[in-house]
Structures are given as C-alpha cells and as structure tokens.
1. Scanning for something under 28 Å from B:Thr55 (Cα atoms) and without any contact (Cβ under 8 Å) to a residue 12 or more places away in the chain, does segment B:156-164 turn up at least one residue?
2. Which condition number in (1) at pLDDT 90 or above; (2) open to solvent by 10 Å² or more (accessible area, probe 1.4 Å); (3) out of contact with any helix residue (DSSP H, G or I) (no Cβ under 7 Å at 6 or more places or on another chain) is the one that B:Ala159 fails?
3. What number of residues within segment B:32-85 satisfy the criterion of being among the charged types (D, E, K, R), within 14 Å of another protein chain (Cβ to nearest Cβ) and surrounded by fewer than 16 Cβ atoms within 10 Å (Cβ to Cβ)?
4. Out of (1) over 25 Å from B:Gln156 (Cβ atoms); (2) within 12 Å of another protein chain (Cβ to nearest Cβ); (3) in contact with a helix residue (DSSP H, G or I) (Cβ under 6 Å, 6 or more places away or on another chain), what's the single condition that is false for A:Pro309?
5. Which one of the conditions (1) in contact with a helix residue (DSSP H, G or I) (Cβ under 8 Å, 6 or more places away or on another chain); (2) crowded, with 18+ Cβ neighbours inside 10 Å does B:Ser106 fail to meet, given that it meets all the rest?
6. Tell me which of these B:Gln129 doesn't satisfy, since it passes every other one: (1) out of contact with any Cys (no Cβ under 8 Å at 6 or more places or on another chain); (2) more than 14 Å from every other protein chain (Cβ to nearest Cβ); (3) open to solvent by 10 Å² or more (accessible area, probe 1.4 Å).
7. Tell me the residue from A:Val59, A:Val49, A:Val77 that is in contact (Cβ under 8 Å) with a residue 40 or more places away in the chain, among the hydrophobic types (A, V, I, L, M, F, W, C) and touching a Phe, Trp or Tyr at 6+ places or on another chain (Cβ under 7 Å), please.
8. Could you please find all residues in segment B:136-151 being within 11 Å of chain A (Cβ to nearest Cβ), surrounded by fewer than 17 Cβ atoms within 10 Å (Cβ to Cβ) and either under 19 Å from B:Thr177 (Cβ atoms) or among the aromatic types (Phe, Trp, Tyr) (or both)?
Amino acid sequence: MPRVVRSSLRKELFANPIDGLVSVLLISGVGAAGYGLIHWALTQAQWVVIQANSTLFAVGRYPIEQQWRLWLLVALVAAATGLSWGALRGLPQRDRPITAVWPRNDRIAAIVLVALCGWAPAALGLAWPIQARWWALTALLLVLRWLAGRYASRLRKVATLGLPLLWPLLYLVGMVLIGGGLGLVTVGANEWGGLLLTLIEASFAILLSAPLGVVLALGRRSSLPLLRWGSIAYIEFIRGAPLITLLFLGQNILGFLLPGGLAPDRIWRAAWILTFFSAAYLAEAVRAGLAAVPRGQLEAARSLGLNLPQALSRVVLPQALRIALPATVGQFISLLQDTTLLSLIGLLDLLGTARSVMANPLYLGKSAEVYLTLAVLFWCCCAALGLGSRALERRLNPPTLGP
Amino acid sequence: MTAEPKVAKSPAMIEARGVEKWYPNGFHALRGVDLTVQRGEVVVIMGPSGSGKSTFIRTFNALEDFQKGSITVDGIALNDDLRQIDAIRREVGMVFQQFNLFPHLSVLDNLTLAPVLVRKRSKGDVLNQAMALLERVGIAEQAHKFPGQLSGGQQQRVAIARSLCMEPRILLFDEPTSSLDPEMVREVLEVMQGLAADGMTMVVVTHEVGFARQVADRVVLMADGQVVEEAMPEQFFDHPQHERSRQFLSQIL
C-alpha cells in the first residue's frame, strides 16, 4: 500500500482505539451484509421472474403492436436528457469556471451509463434487435450531450429559455404518443402499467403541482383575506390527511361529485389527487423561500416603479424559488415514491404490476428478487432527480465575494 | 409621453401637510409633519433613532401609508389610487440603507430592469445610459459582476445609479451610509455631492454632519414624530434655536 494511502487511512479510520473499534465494527458489518447480498444475488436468486416479465414491469399490458410509440418516446426523452445535461454543463457554474466538455464526474456518469446499457438488456435476456435499440438510445444521448456541451456557451440564450419549455412540451408530445389521438390509435389508460404508469403519474403531478404550489404560497402571503384564508385552509387540510385516504376519497367522491362522463377515469383521478397533495407541500417549501427573501427586495422593486406582478416575477420569486429548490426536489422525490400507493387503490403501477406478478403461482417465493429490482429502479429515478437538482442549484446561486 | 399624468403648476417638488401615521400596533409615528421641498433643493433630515424620519420619507413613495394629512409629489396627490402611486414611484427614486440590490441580477441588469419593464424603453438604449451612469459613479469596470461580489460602498453606488437610470425627478436617501464601513462612506457621499451639484432634488436622511453642512440647502430636525427645527445648515449647526436640537447635536458632534 502506498504510504499516502496508509497514512490517510490511519488518520481517518484508526486515529485512536475507539475510532479503530468503530471502524472495524462498521467495516465488518457492511462487508458481511454486502457479501451476503451479492452472494445471494449471484447464486441463489432466480432472476427469471424479472427476465420473463421485463416488458410487463416496463409498460404493463400496453399493446405490442403499438409499442413502437413508446420506443419513439424513449428516444425523444433520451435526446432531451442529453441536450439538457450538455447545456447545464456548458452554462457557467458560478463557483468554478468551465474546464472541459467532459469533466470527471461526467466521464464517470457516461461510463456507468454505457456499462448499464451493455449489461442490463443482456442480463434480461432481451432479443438482439432490442438490445441494439438500447445501445442506439445510449449513443443518441451521449452524442447530444457532447454536442450540447460543446456549443452551449454559444447558445446560452436558447438554452436558458429553451430548456424550461422543452420538458413540458415533451410531456404533451409524450401523452399523445402514449394515449393516441392526432391520427394514432387510442390506447386507453387502463392498458398503461408498470414503470410507464408510475412515470406518467409522477411527471403529471410534478409538472402541475409546481405552478399550483407557487400560487398557493403567494396566496398564503396575500393581503386579500379571502385568498389568504382559502390558501391556508387548503394547505392545512391536505397536509393533515394521509395521502392514501385522499386517494381513496378521490376514487369514490369524484365519481359522485361530477356528473357522469365528466369525472376522469381512475388513473387521471389518482394523478389529480397526487397533484393536489404535492402542491400543498410545495406551497410550504415556496413559502419558506419567500420568507427568506429580505423585505427590502420587494420595496426596492416597487420603488423603482415595478407593479406587484412584475416585482414578484422578476425580483422576489427568482430568489425565493432558488432557495426553495432543494426542498422542492425533495418533495418531487417523495412524490415519485408515493406513487407506489396507487397499487393499493388497484392501479397497476410498478408496485401494482409487481404484486400481480408475485401472485402468479409460477413465481411463488420470488418476492425478494422483485422487490430488489423495484428498489433499484426507484433509486435510479430518485438519484437522477437529486443529481440534476444539485447541478442546477450550483448554477443558479449568485456569486459572492471571496472563495 | 401622453400617458403621463398632468404636472400641476405647483413649484414645490414635495408638499407634505399635517402628515400623521399610526402603526397597526397603535404607535403614533408621525404627529402632523409639514415639509416643503422645492425643485433642485437638497434637504437633510436628521434626528434620533425612532424619531420617524425614515418613516416620513418612505411615505413620499407610498412604501408607508399615512392616516391623516396630505402629500403631493411633483403635483400628483398621493392617495389610495394605485395608478397615482405607480406614477409617483416612477418619478421618485429611493436609495436604501441596506442597498437592496437584486442579488440574482448582474450590476448592469440591476440598472436596466426597471427602465425596460416600466418605461418600456429598448434594451440597447437603456444599456448605453446604464454604462454612462456606472461610469459616472465610478464602477463601470464592475458592470458584469454580481452585487455579492462588490464592497458595500460599490453596492451603494450601484444602487444610486440604478435609481438614476429611471431618470427620477427626485431622489430619496434613507440613511445611505449608515451600514457602510467608515472608509467607504466618502466615495458614496462624493457621488451624492455630485448629484446635488447637478441640480437633483434630494431628500436625505443621514447623520453625516459634514455632508449636511456642505451640500444641504436646509436641515430639518425631527424628534418624536414631529419637526422640531428647520434651518439653513450654518444656522442649525452653529446656532440651534431649540433645546431638543442642542441636545441632539451634543450627542452626534
């Protein structure tokens, strides 16, 4: 062992007897658990349950002859991801200058991505043409990442204006591709399932709860009593009720309240309930952000002649939302995980699909494999959200004096 | 511009008559304050803390409301009509103790935001003017930095340039040097002195006696929400007429 490594190990892990004891206990504990898990995954686990049902986990009972639409959508998402990733890299990070098109973290991420796309489709035993599609998608993502990263500094205006528009637009295109219309065969919501349904529900709620949460937060601080009390009542009511009760309530009550035909079907009811639920929590995050912006900011804006909407949208909200960003993304991550509750109201989201697979006598006793796969899938989605948010945060913080 | 409200014949820039204000907690902050500021005049308001001087000048652009009395700014009466308030705020610039620059915008964007949004001027046009103003307050080379990267004195000079970029008819200063380190006070006062020399109408709340002596046309002493004494600077500082003034001056001199 090189001396540097040895001395830093000693300093960090074995500085005194108690440190050493804690280190030994932790290392052996983590090591034993890790060994056990890997040993089980490689020798005892029977991954056939995942291999045989991979399409079901991915898209549920989406008709096979229409699945090309989903492939097209995945390609569009990969392209948008590559563009956003590259553009974010290319925008100046306030605390350090841009150094390379591929900084170290990005190289690691790209290698992980390539390894994943080489290994996962093969491990799932997918047919060669399907495996090739995944390779092409990864290549598309990385090439666009490279192009955007290279030219982002030149296209800065386009990037800062275009990126926030790109994703909502992509959502609309995606909904047409998934659901049909505009000349495409309709695929009813009851045929969506698996990861597809989970992502539809989560992204719908994320996109709509964000503006709703901002409106509620502003309403809560408004000087108009009706607006203020209405916002407070809404926020406190939603935050006081468990999501699962709201979901059941939504399934039952929306049907009674709205005349026949107007009530959205079960999947959209659930999406709206998730949206309303998430908005209440977002409102509190945004309110904390608003409270953190000094009062003088609004006064300075108003004394320059900006009216209230201008002062809020150009001066107060940009600062408040920046402060609220970590809490907001935290809320989005728990929202993504909350979608698993949909399985309890009978929807075939990722967890619902998994439960239906595990109920199949063929796969009795294979729940560990299924749950582990689910956990990894959710972890990947949440990690991506978290990474993206931290990258955004670093680029949005205004620079200050000193290091 | 046709949308501008008609300017009355009144020669005074600000006319405050019998202004009274109670805070919601019942505190009687202003107890019938009168003040007239002529065009091109520099009026310095002094007084112990809690005397209502900041509250008073903040009523001129409706950052504070008042319950009794009347205030007319450049011929426009301040009342609850929002359009009147917006019209007055366009003509009245304000410089704050805490600078209140917008930290998420560059120095240049701080200057151009309001003229583009409120006066609907073209960005290129405003940019030229903004650079000229930054030149004038001596920080043109910092135009692309962010407020957090500047010293307090530089920030306050940017704040003054930001107000000037709206081409106000009057500038209000609310203790502009009170939160600055001593060595930065002078650079801000010099900018203010230059403005006064160019004929800008200014109302300045400050404790800077040197500035008041050199630049002010009139000094007003406020205490307990009232005007105690109003006089030329030499008269005020060398021969104060009221006991309250003498007491105040003995504390700050």
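1. no
2. For B:Ala159, the failing item is (2).
3. 4
4. Only one criterion is unmet by A:Pro309, namely (3).
5. Unmet condition: (1).
6. Going through the list (1) out of contact with any Cys (no Cβ under 8 Å at 6 or more places or on another chain); (2) more than 14 Å from every other protein chain (Cβ to nearest Cβ); (3) open to solvent by 10 Å² or more (accessible area, probe 1.4 Å), B:Gln129 breaks only (1).
7. A:Val49
8. Matches in segment B:136-151: B:Ser151 only.
The values are calculated or read from the model by the stated rules, or taken from the named source; none is laboratory data. This one's a predicted model, so the numbers in the text were calculated from it and none came from an experiment. Here the Cβ is made from the backbone with ideal geometry for all residues, glycine too, and neighbour counts use every protein chain on show. Note: accessible area is taken over every heavy atom of the protein model, side chains too, but ligands, DNA and RNA are not part of it. Shrake-Rupley method; radii C 1.70, N 1.55, O 1.52, S 1.80 Å.
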